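Undergrad: There's a structure below that I have some questions on.
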Amino acid sequence: MKKVILIAGFTALLGTSAMSQKVYATKTGQISFDATGTCAEAIKATNNQVDSKFVDKSGQIIFNVLIKSFKFANALMEDHFNENYMESTKFPKADFKGFITNITSVNFEKDGTYEVSAKGTLTIDGKGKEMIVPGTITIAGGKPTLKASFNVPLKEFIHGSYIGSQISDNAKTVLVCKYD
């Protein structure tokens, strides 16, 4: 009987601990990149359908991006991006999975802007790379907004005959996610 009470108490304690964590989510985050190199035309795109979740206590964070949701000013460039460089039929998604390493520095109960850093694996075109991404979390009215600016080394993820001569070595990437 003592074992049953002990197990029930332990289970209740774990359930209370897990319930105190909050999962923030959005399906309308925005990511944009600029990979303009020597090409006369700007190589820029924006995706307004970033799916992201993060846990306030553990800092676990996930981003999922549909490659075909990147929109370019030039439709032909968008086609080349999807067919020639990103193989979006074969690899329809890119993702980042990791942890905000200093999540304890964010006070979710107090409005303000907090410097954060996320460490995890960025996977694009079926290739993964460990990255550390600096950013900020701004709390306003109890709701967080995450912003990050970072470079994606293109030669490590995509292929094509013009990489290096027409496209920048790094895609300057900006991410903004407003969470509920």
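Undergrad: Among the residues of region 46-80, which ones are of a type in the set (A, V, I, L, M, F, W, C) and under 24 Å from residue 26 (Cβ atoms)?
TA: Correct list: 50, 54, 55, 61, 62, 63, 65, 66, 67, 70, 72.
Undergrad: Do you know which residues across region 139-157 are surrounded by 13 or more Cβ atoms within 10 Å (Cβ to Cβ), modelled with pLDDT of 95 or more and over 16 Å from the mean Cα position of the chain (by Cα)?
TA: Those that are surrounded by 13 or more Cβ atoms within 10 Å (Cβ to Cβ), modelled with pLDDT of 95 or more and over 16 Å from the mean Cα position of the chain (by Cα): 139, 143.
Undergrad: Residue 100 - would you say it is under 17 Å from residue 158 (Cβ atoms) and out of contact with any helix residue (DSSP H, G or I) (no Cβ under 6 Å at 6 or more places or on another chain)?
TA: no
Undergrad: List every residue pair whose Cβ atoms lie under 6 Å apart, where the two residues are 6 or more positions apart in sequence or sit on different chains, the first residue falls within region 118-140 and is among the polar types (S, T, N, Q), and the second residue, located anywhere, is modelled with pLDDT under 95.
TA: Nothing qualifies.
The values are calculated or read from the model by the stated rules, or taken from the named source; none is laboratory data. Since we're looking at a predicted model, the values are computed, not measured. Every residue, glycine among them, receives a Cβ derived from its backbone with ideal geometry; neighbour counts consider all protein chains shown.
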